[in-house]
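*Asks:* I'd like to ask some things about the structure below.
The values are calculated or read from the model by the stated rules, or taken from the named source; none is laboratory data. Owing to the predicted nature of the structure, the values given are computational and were not obtained by experimental measurement. So basically every Cβ, Gly included, is an ideal-geometry build from the backbone, and we count neighbours across all protein chains shown. Ligands, DNA and RNA are stripped out before the accessible areas are found, and what is left, the full protein with its side chains, is counted by its heavy atoms. Shrake-Rupley method; radii C 1.70, N 1.55, O 1.52, S 1.80 Å.
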Amino acid sequence: MGRRRAFDEDEVVHAAVKLFGGRAYDGVSVNDLVTHLGVHRNSLYKTFGSKRGLYLVALRRHLADDVGPLADALAGAADAADALRLVTSADLGLLVLAAVDRAPADEEVAAEVATALATLDQAIADALGVPAALAAALTAAALGIRLRGNPDGVGAALARHLDPLD
Amino acid sequence: MATVRIDGGELVVVMEGLDKLWAFKSSLTIPLANVRGATADPGIAADPKGIRAPGAHLPGVITAGTFHLDGEKVFWDVRDASKAVVIELADERYSRLVLQVDDPRTTVALVENALR
């Protein structure tokens, strides 16, 4: 018979999304998790199995809570500039970090990231009525703009050149 | 120190040198189906370990053997906490194993890859 969990799993996973979304996987120690998530080490292992187990749960939560709604919003994008603005202003920290930090080393993470990006591509393709490859290029450009910084300036400049698409 | 290997569908942990004496165990064999994951966790050595029975615990020197904490049994074999790996189990005598291994990163990858 297991003891009752003395923590809110939902809150812990939400905090893990923030923590893993702001720092590389190897830069987050179990001590960091215990400190920031307010959960005992033993409970953490018992509930999630391992640090990677918690990471996968957090990544899937991020995709459901942040990337899913973004795809819904993209479906209503009026034009390419609107789509770029939606992607560059969304909370995608963990998705971007997962793509560069963990996906190359973890097939399961790579598959989750690929599915999420494909969902965004499809939403853009459907909303703008453009070919899938062009929608993928728009997603890539938007994520690149996020990494580059100054999303408003760079995004606006790109959007002006994309006007003919609309 | 312990060595960890995957042998068919099983995780095999072998205690090395005198550790098999302190730990009261020379090896453990766990079906992979009962292994939930592995994590490098140098910070765990600073946590409360519970009540030891049987085994050895000289704080700061060696923690080896079976420890009872919060209704769980945890197997420890650690001298150098910087090389500690936690292997979480299900439906086993031990809830988790805390082992010192030569290369925590490689051991974690070995176990996690075997579970995928």
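*Asks:* Do we find a residue being open to solvent by 60 Å² or more (accessible area, probe 1.4 Å), among the small types (Gly, Ala, Ser) and within 11 Å of another protein chain (Cβ to nearest Cβ) anywhere in the range B:71-91?
*Replies:* yes
*Asks:* Looking only at the range B:23-34, decide whether some residue is assigned to a strand (DSSP E or B) and among the basic types (Lys, Arg).
*Replies:* No, the range B:23-34 contains no residue that is assigned to a strand (DSSP E or B) and among the basic types (Lys, Arg).
Residues are listed down the side, and each one gets a yes or a no for (1) open to solvent by 50 Å² or more (accessible area, probe 1.4 Å); (2) of a type in the set (Lys, Arg); (3) closer than 19 Å to B:Ala114 by Cα:
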residue: B:Asp19; (1), (2), (3): no, no, no
residue: B:Trp22; (1), (2), (3): yes, no, no
residue: B:Leu28; (1), (2), (3): no, no, yes
residue: B:Ala33; (1), (2), (3): yes, no, yes
residue: B:Ala40; (1), (2), (3): no, no, yes
residue: B:Gly43; (1), (2), (3): no, no, no
residue: B:Lys49; (1), (2), (3): no, yes, no
residue: B:Pro54; (1), (2), (3): yes, no, no
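*Asks:* Identify the residue in the range A:36-70 that is at pLDDT 95 or above and β-branched (Val, Ile, Thr) and, among all such residues, is nearest to B:Pro48 (Cα to Cα).
*Replies:* Result: A:Thr47.
*Asks:* Pick out the one residue from A:Ala156, A:Ala132, A:Ala142, A:Ala125 that is buried (at least 17 other Cβ atoms within 10 Å of the Cβ), in contact with a helix residue (DSSP H, G or I) (Cβ under 9 Å, 6 or more places away or on another chain) and at pLDDT below 95.
*Replies:* Only one candidate qualifies: A:Ala142.
*Asks:* Let me ask something else. Scan A:Leu74, A:Leu92, A:Leu143, A:Leu117 and give me the residue that is within 18 Å of A:Tyr25 (Cβ to Cβ) and either free of Cβ contacts under 8 Å to residues at least 60 places away in the same chain or touching a Pro at 6+ places or on another chain (Cβ under 7 Å) (or both).
*Replies:* Exactly one of A:Leu74, A:Leu92, A:Leu143, A:Leu117 is within 18 Å of A:Tyr25 (Cβ to Cβ) and either free of Cβ contacts under 8 Å to residues at least 60 places away in the same chain or touching a Pro at 6+ places or on another chain (Cβ under 7 Å) (or both), namely A:Leu92.
*Asks:* Please count how many residues of the range A:5-34 are surrounded by fewer than 18 Cβ atoms within 10 Å (Cβ to Cβ) and either within 23 Å of the chain's Cα centre (by Cα) or within 9 Å of another protein chain (Cβ to nearest Cβ) (or both).
*Replies:* 16
*Asks:* For the range B:87-110, give me the residue count where each residue is in contact (Cβ under 8 Å) with a residue 24 or more places away in the chain and under 21 Å from B:Pro54 (Cβ atoms).
*Replies:* Total satisfying the criteria: 9.
*Asks:* Right, here's the next one. Please work out which residue is least open to solvent (accessible area, probe 1.4 Å), limiting yourself to the range B:92-116 and to residues that are of a type in the set (Lys, Arg), outside any strand (DSSP E or B) and within 13 Å of chain A (Cβ to nearest Cβ).
*Replies:* B:Arg116
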